[in-house]
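First up is the structure itself, then whatever we jot down about it.
The values are calculated or read from the model by the stated rules, or taken from the named source; none is laboratory data. Every value quoted in this text rests on a predicted model; they were computed, and no experiment measured them. Cβ: placed from backbone, ideal geometry, glycine included. Neighbour counts: every protein chain shown.
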Amino acid sequence: ESKKIKSNAKLFVNSMEESYLMNIIIEQELKKAVDNHELFMVYQPQIDASGYIHGIEALVRWNNAILGSVPPDKFIPVAETSGQMLKIGHFIIDYTLREIKEVQKILNITFQTSINISVRQFMEVGFLTHFLNAIESAELYQVSITIEITENLLIEDIQYILPLLEEIRGYGIQISMDDFGTGYSSLSMLRRLPIDELKIDKSFVDTIVEEIAAQKMVQNIIAIGKNLNMHILAEGVETKEQSALLKAFGCDRFQGYYFSKPLLKDDLISFFQNHEKG
Ligand code: C2E
Ligand code: CA
Ligand code: CA
Ligand code: CA
């Protein structure tokens, strides 16, 4: 009986789609999510041009009793606007670094760990202090950590952002520009930013085999990044053809279902153990 109520609730929730009401329920349920241990992390491998595992991107997951599994691009924006991103952001950082330390200890290796930092999280006073403390208590190297920011961040006060990015870089933490080419961007701005890596958005990768326009776009992004001494990572790589083309264009890092889906910690350990290279 309770199962039936639950599945009816899920149907109801599905029918609400992205409605206002849905966001209110997400907001309410999210308030208890950290304390109820409903959030956890998965890790997607990133492969370099010679086939070695460069590192992983940490991606958050949420399983809720009423809502089921809610994708991060649905609940992160709600967390941002309802003032919950600080707490959830701290959870993401602490949980990821703890699990990654475990993986590195078990395998006796180090690799790069990329963590998505939302705009609100980045702009929060005390963000960097918490981040540095978390790296230190996990006993990880600062240089093995990357933060992924998006172009949306550049809409915020650049007089605040630029020095903070420089400071973060000064600690050896790497900076990656996520979803590059999809948002607000200016080349002159990009040149001023201390960025180590550009991530080519999945939307370009999706059509790269068929569409000349997407190929041109990707070639241009790679040329810009290379000019500015940045690494280029392509995300959402699903086929061998996409991978080969991106490699031929000069991409040096790859991430997508073709290599691996995001994995739970134990499956990540197995992935490392079974991977022929690195
Ligand atoms: P993103 O940072 O661009 O992450 C890439 C998304 O593409 C992830 O979706 C990943 O699971 C998915 N993906 C990777 N490879 C493939 C592929 O080959 N095919 C397909 N179809 N998808 C692929 P996910 O995990 O649902 O995350 C969606 C977005 O939510 C992320 O986009 C990011 O903006 C946000 N997000 C996820 N985790 C976090 C987090 O821990 N913190 C913050 N602030 N945002 C997060
Ligand atoms: Ca990302
Ligand atoms: Ca991305
Ligand atoms: Ca994306």
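Numbers for the structure displayed
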item	result
Output for segment 173-195, where each listed residue is of a type in the set (V, I, T) and surrounded by fewer than 19 Cβ atoms within 10 Å (Cβ to Cβ)	T182
Any hit, segment 170-185, residues being touching a residue at least 24 places away in the same chain (Cβ under 8 Å), small (G, A, S) and over 24 Å from F249 (Cβ atoms)	yes
Criterion violated by D196 - all others in (1) more than 16 Å from ligand 4 (Cβ to nearest atom); (2) over 17 Å from E57 (Cβ atoms) satisfied	(2)
Selected residue (only one of L268, L233 is among the aliphatic types (A, V, I, L, M), within 14 Å of ligand 4 (Cβ to nearest atom) and touching an Asp or Glu at 6+ places or on another chain (Cβ under 9 Å))	L233
Complete set of residues in segment 229-257 that are under 25 Å from Q174 (Cβ atoms) and surrounded by fewer than 14 Cβ atoms within 10 Å (Cβ to Cβ)	N229, Y257
Single residue of segment 63-86 satisfying the filter (of a type outside the set (S, T, Y), more than 13 Å from Q121 (Cβ to Cβ) and more than 15 Å from the chain's Cα centre (by Cα)) that is surrounded by the most Cβ atoms within 10 Å (Cβ to Cβ)	V70
Of all residues making up segment 150-172, the number that are in contact with a Leu (Cβ under 8 Å, 6 or more places away or on another chain) and surrounded by fewer than 19 Cβ atoms within 10 Å (Cβ to Cβ)	5
Segment 143-192: number of residues that are of a type in the set (D, E) and closer than 23 Å to Q44 by Cα	4
Every residue from segment 119-141 that is of a type in the set (G, A, S) and within 30 Å of N108 (Cα to Cα)	A134, S137, A138
Given (1) among the aliphatic types (A, V, I, L, M); (2) modelled with pLDDT of 95 or more; (3) within 16 Å of ligand 4 (Cβ to nearest atom), index of the condition A138 fails	(3)
Hits in segment 205-238 (condition: within 11 Å of ligand 3 (Cβ to nearest atom) and touching a helix residue (DSSP H, G or I) at 6+ places or on another chain (Cβ under 7 Å))	V205, A234, E235, G236
Subset of segment 254-273 [under 15 Å from Y43 (Cβ atoms) and outside any loop (DSSP other than H, G, I, E, B)]	L263, K265, D266, D267, L268, I269, S270, F271, F272, Q273
Filter result for G225 (within 16 Å of ligand 4 (Cβ to nearest atom) and either over 19 Å from Q44 (Cα atoms) or not β-branched (V, I, T) (or both))	no
Selection within segment 237-250 - touching a strand residue (DSSP E or B) at 6+ places or on another chain (Cβ under 6 Å) and touching a residue at least 60 places away in the same chain (Cβ under 8 Å)	none
Inter-residue pairs, beta-carbon under 9 Å, first among the basic types (K, R) and in segment 208-236, second more than 16 Å from ligand 4 (Cβ to nearest atom), 6+ apart	K226/G250
